[in-house]
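Engineer: Could you have a look at this structure, given as structure tokens, before my questions?
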Amino acid sequence: MIVLSGITIQSKIYESRSSLVYRGTREVDAREIVIKLLKQDYPSPQELTRYRQEYAITRSLDVEGVIRAYSQQDYQRTLVILLEDFGGESLEYWIQQRPETFCPMSVSNFLPLAINLSKILGRIHAANIIHKDINPGNIVLNLNTGIVKIIDFGIATQFSRTNPTFKSPHVLEGTLAYLSPEQTGRMNRSVDYRTDFYSLGVTFYELLTGQVPFPTTDVLELVHCHLAKPPIPPCELNPQIPKPVSDIILKLMAKNAEDRYQSAWGIKADLEDCADQLETRGQVNPVQLGLQDVSDQFQIPQKLYGREEEISELLEAFERVAGREDAGRQRRGDTESDSTSVSSEMMLVSGYAGIGKSALVQELYKPITARRGYFISGKFDQLQRNIPYSAIVDALRKLVQQLLGEPDEQVQQWRSRLLEALGSNGQLIIDVIPEVELIIGKQP
């Protein structure tokens, strides 16, 4: 148990891989508070920066429905954030402790909660904040008062959009079961506020059906489901869900951000229409969705235009190579790729700077994920022309970084394969790509 000056710690209420959360009392005014601190004794600079950012964003959000941050202070070699305690517990907690009420929820109980969450999310977006981790663990509800609040702005951003990179799915930011397709870094699209609508849709789906839309434990399969697999309509899993409510959730979970709701107020309006019908008529008749869904932000669709032929050629080449690999594995009865039998093709893409060559090639993100592959890229720097093979080294470094994000078992498999392939040349590669040493160890 931690000891903080002027604070009485009562109990631990949550523990994650990186954080500890306690309930306590501030002695100076007897105020109930939540104490959140980093779990590691020696947190990295990145983790400290994330905590400082979480405090700064939470402190700046003086809006109803967002947890209040009181102060931040040093504690030994880490940081502590003191937060408001309004007596609530996370929806994740209620799903586990009260499954008869929350797993699944009745439509009459769900709609008021969903309307409140839509309003809160609208206020957050109006403050130019993207949460990026909406899920039942970050929604706190007090059953006695009915007050609901959104917490945990650890990966939130104040930018209007961010550009995620292609990285190992094991190290993606956010909670994978609720992650939007673009937030996986495999959609060749930037992330804006509409990523929160997808995550909200997954949360609604779970509350009404009692399960997440893609209940797989395989990480790459889950990423692929978010990218390409349509969810089973909620009303098919739970016949008590009116079809208009089911359609609202499916619209929230559209794969492309342009096909989702464009504002939280549009979500709220459709939910209120359903709630009014349920209260006055006892049922919800079909409604036309999105009639009041008007965005206050100008968004240019993130789609490549006029490149259909080039994209088709790239995808056909990829399918040829991947198809030959699959056929070879089937003949051998293998499940893993064989480094001694590799199918390959080379395609050259040329054009003026800024014309969209990178955006074109990145259209391969989705099919590569479906095939459980890795995407790497490198660029020659026009200001560092004296470094030979710099783009190849850059690409291979990115590959090593992806491999280091894999589970230990897979890293060991790669260690064996690299040692076998490199033989006595391991140190030569380490001299060029130092990160390789983290996989194969020190070499003579």
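Engineer: Within segment 44-65, is there a residue that is charged (D, E, K, R), more than 20 Å from ILE139 (Cβ to Cβ) and surrounded by fewer than 12 Cβ atoms within 10 Å (Cβ to Cβ)?
Structural biologist: no
Engineer: In addition: Within segment 380-401, is there a residue that is at pLDDT 85 or above, outside the structural domain of GLU309 (by TED's automatic domain parsing), of a type in the set (D, E, K, R) and surrounded by fewer than 11 Cβ atoms within 10 Å (Cβ to Cβ)?
Structural biologist: no
Engineer: Contact list please: Cβ distance under 7 Å, first residue in segment 370-391 and within 29 Å of ASP218 (Cβ to Cβ), second residue β-branched (Val, Ile, Thr) and in a helix (DSSP H, G or I), pairs at least six apart or on different chains.
Structural biologist: Cβ pairs passing all conditions: PHE375/ILE368.
Engineer: Out of the residues in segment 357-410 meeting the condition of being part of a loop (DSSP other than H, G, I, E, B) and polar (S, T, N, Q), tell me which one is nearest to GLU310 (Cα to Cα).
Structural biologist: SER377
Engineer: Given the conditions (1) within 14 Å of ASP133 (Cβ to Cβ); (2) modelled with pLDDT of 90 or more; (3) part of a loop (DSSP other than H, G, I, E, B), which single one is not true for GLU173?
Structural biologist: (2)
Engineer: Testing GLU258 on (1) in a helix (DSSP H, G or I); (2) in contact with a Pro (Cβ under 6 Å, 6 or more places away or on another chain); (3) at pLDDT 95 or above, one condition comes back false. Which one is that?
Structural biologist: The failed condition is (3).
Engineer: Kindly indicate whether ILE430 is β-branched (Val, Ile, Thr), farther than 30 Å from SER312 by Cα, crowded, with 16+ Cβ neighbours inside 10 Å and touching a Phe, Trp or Tyr at 6+ places or on another chain (Cβ under 9 Å).
Structural biologist: no
Engineer: Would you mention how many residues in segment 262-287 are of a type in the set (Gly, Ala, Ser) and without any contact (Cβ under 8 Å) to a residue 60 or more places away in the chain?
Structural biologist: Looking only at that region, the number is 3.
Engineer: While we're looking at this one, here's another question. May I ask you to say which residue of GLY290, GLY201 is part of a helix (DSSP H, G or I) and without any contact (Cβ under 8 Å) to a residue 60 or more places away in the chain?
Structural biologist: Result of the check over GLY290, GLY201: GLY201.
Engineer: Right, here's the next one. Condition first: surrounded by fewer than 15 Cβ atoms within 10 Å (Cβ to Cβ) and in contact (Cβ under 8 Å) with a residue 40 or more places away in the chain. Now tell me which residues in segment 214-229 satisfy that.
Structural biologist: If the condition is that a residue be surrounded by fewer than 15 Cβ atoms within 10 Å (Cβ to Cβ) and in contact (Cβ under 8 Å) with a residue 40 or more places away in the chain, then ALA228 is the only one that fits.
Engineer: Suppose the filter is within 18 Å of GLU15 (Cβ to Cβ), at pLDDT 95 or above and not hydrophobic (A, V, I, L, M, F, W, C); does ASN135 pass it?
Structural biologist: For ASN135, the condition - within 18 Å of GLU15 (Cβ to Cβ), at pLDDT 95 or above and not hydrophobic (A, V, I, L, M, F, W, C) - is met.
Engineer: Go through segment 186-240 and count every residue that is acidic (Asp, Glu) and under 13 Å from the mean Cα position of the chain (by Cα).
Structural biologist: Number satisfying all stated conditions: 2.
Engineer: Determine if segment 87-94 includes at least one residue that is surrounded by fewer than 19 Cβ atoms within 10 Å (Cβ to Cβ), within 25 Å of SER16 (Cα to Cα), at pLDDT below 95 and touching an Asp or Glu at 6+ places or on another chain (Cβ under 8 Å).
Structural biologist: Yes, the conditions are met somewhere in segment 87-94.
Engineer: THR78 fails exactly one of the following numbered conditions: (1) within 23 Å of the chain's Cα centre (by Cα); (2) buried (at least 18 other Cβ atoms within 10 Å of the Cβ); (3) closer than 25 Å to ILE33 by Cα. What is the number of that condition?
Structural biologist: Failing condition for THR78: (1).
Engineer: A further question follows. Which pairs turn up if I take residues in segment 6-18 that are modelled with pLDDT of 90 or more and look for partners that are surrounded by fewer than 14 Cβ atoms within 10 Å (Cβ to Cβ) with beta carbon separation below 7 Å, at least 6 apart in sequence or on another chain?
Structural biologist: So the pair list comes out as ILE7/GLU27; THR8/GLU27; ILE9/MET1.
Let's see how each residue does on (1) surrounded by 19 or more Cβ atoms within 10 Å (Cβ to Cβ); (2) more than 13 Å from SER180 (Cα to Cα); (3) among the acidic types (Asp, Glu):
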| residue | (1), (2), (3) |
| --- | --- |
| PRO244 | yes, yes, no |
| ILE248 | yes, yes, no |
| LEU252 | yes, no, no |
| SER263 | yes, yes, no |
| ASP270 | yes, yes, yes |
| ASP273 | yes, yes, yes |
| ASP276 | no, yes, yes |
| THR280 | no, yes, no |
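Engineer: Between ILE139, ILE150, which is touching a residue at least 60 places away in the same chain (Cβ under 8 Å), touching a His at 6+ places or on another chain (Cβ under 8 Å) and either buried (at least 18 other Cβ atoms within 10 Å of the Cβ) or polar (S, T, N, Q) (or both)?
Structural biologist: Only one candidate passes the filter, namely ILE150.
Engineer: Specify the residue that is nearest to the chain's Cα centre (by Cα); the eligible residues are those in segment 1-24 that are hydroxyl-bearing (Ser, Thr, Tyr), in a strand (DSSP E or B) and more than 11 Å from LEU82 (Cβ to Cβ).
Structural biologist: Restricting to residues being hydroxyl-bearing (Ser, Thr, Tyr), in a strand (DSSP E or B) and more than 11 Å from LEU82 (Cβ to Cβ), the top hit is SER19.
Engineer: OK, next. Any residue that is in a loop (DSSP other than H, G, I, E, B) and among the basic types (Lys, Arg) - is there at least one of those in segment 222-229?
Structural biologist: Scanning segment 222-229 turns up at least one residue that is in a loop (DSSP other than H, G, I, E, B) and among the basic types (Lys, Arg).
Engineer: Still on this structure: Restricting to segment 51-75, name every residue that is under 27 Å from SER118 (Cα atoms), among the acidic types (Asp, Glu) and over 24 Å from the mean Cα position of the chain (by Cα).
Structural biologist: Result: ASP62, GLU64.
Engineer: So which helices (runs of 4 or more DSSP H) stay within segment 39-115 end to end and still have 2 or more residues that are touching a residue at least 24 places away in the same chain (Cβ under 8 Å) and within 28 Å of GLY266 (Cβ to Cβ)?
Structural biologist: 45-60, 91-97
The values are calculated or read from the model by the stated rules, or taken from the named source; none is laboratory data. As the structure is a computational prediction, the values presented were derived from the model and not from experiment. When we count neighbours, we look across all protein chains shown, and the Cβ atoms used for this are built from the backbone with ideal geometry, even at glycine.
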